[in-house]
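Heads up: the structure comes next, in structure tokens.
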Amino acid sequence: MLEGRGKATLIGHIRWNSPDDLAVAYSSDLLNSSRGRLNHTLAVRVEAEAYPVKADGFLYDDASFLACLSDAPEACHMPDTSDYRKILRDFSVCEYLNNGTIDELWMFGAPYMGFWEAN
């Protein structure tokens, strides 16, 4: 949710694709390209209502993130990598993995959120 903008979400404000739709499409692409061998099932879905903390501790707020996205690359924080260990801890990913609830993690995020293509 964007602060001070009613019930507007970042996804809706920028008019990005829904992460849920992207996950379904990606899963379908994997199923088709593997000739039916990779059939993913969504086990757990978590939606973060916060910006990811960067590896160096930096954290965007709505104003700074929207400034970054509005064609002002100099307003974007560098280095760009998110603190993956914090994400894994905050969302109990290791517990899900260790108890067999999941065997893979997909994360969707906007540009400059610091997610690598694959990690």
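The values are calculated or read from the model by the stated rules, or taken from the named source; none is laboratory data. Quick caveat, the model's predicted, so the values are computed rather than measured. When we count neighbours, we look across all protein chains shown, and the Cβ atoms used for this are built from the backbone with ideal geometry, even at glycine.
Report yes if ALA25 is exposed (fewer than 13 other Cβ atoms within 10 Å of the Cβ) and either of a type outside the set (Gly, Ala, Ser) or touching a Ser or Thr at 6+ places or on another chain (Cβ under 9 Å) (or both), otherwise no. Against the criterion (exposed (fewer than 13 other Cβ atoms within 10 Å of the Cβ) and either of a type outside the set (Gly, Ala, Ser) or touching a Ser or Thr at 6+ places or on another chain (Cβ under 9 Å) (or both)), ALA25 does not qualify. All conditions but one from (1) part of a helix (DSSP H, G or I); (2) modelled with pLDDT of 90 or more apply to TYR60; the one that does not is (1).
Hey, does the stretch 31-54 have a residue that's of a type in the set (A, V, I, L, M, F, W, C), surrounded by fewer than 13 Cβ atoms within 10 Å (Cβ to Cβ) and assigned to a helix (DSSP H, G or I)? No.
When residues in the stretch 80-115 are screened for being part of a loop (DSSP other than H, G, I, E, B) and surrounded by 10 or more Cβ atoms within 10 Å (Cβ to Cβ), 18 of them pass.
Can you confirm whether ALA118 is at pLDDT below 90, outside any helix (DSSP H, G or I) and under 25 Å from GLU3 (Cα atoms)? Criteria not met by ALA118. From the list CYS94, CYS76, the one residue that fits, being more than 21 Å from LEU10 (Cβ to Cβ), of a type in the set (A, V, I, L, M, F, W, C) and modelled with pLDDT of 90 or more, is CYS94. A residue that is in contact with a Gly (Cβ under 6 Å, 6 or more places away or on another chain) and of a type in the set (D, E, K, R) occurs nowhere in the stretch 41-50. Looking at the structure I just gave you, is ILE87 among the β-branched types (Val, Ile, Thr) and touching a residue at least 60 places away in the same chain (Cβ under 8 Å)? Criteria not met by ILE87. When restricted to residues that are among the hydroxyl-bearing types (Ser, Thr, Tyr) and either assigned to a loop (DSSP other than H, G, I, E, B) or more than 28 Å from GLY100 (Cβ to Cβ) (or both), the stretch 1-30 contains 2.
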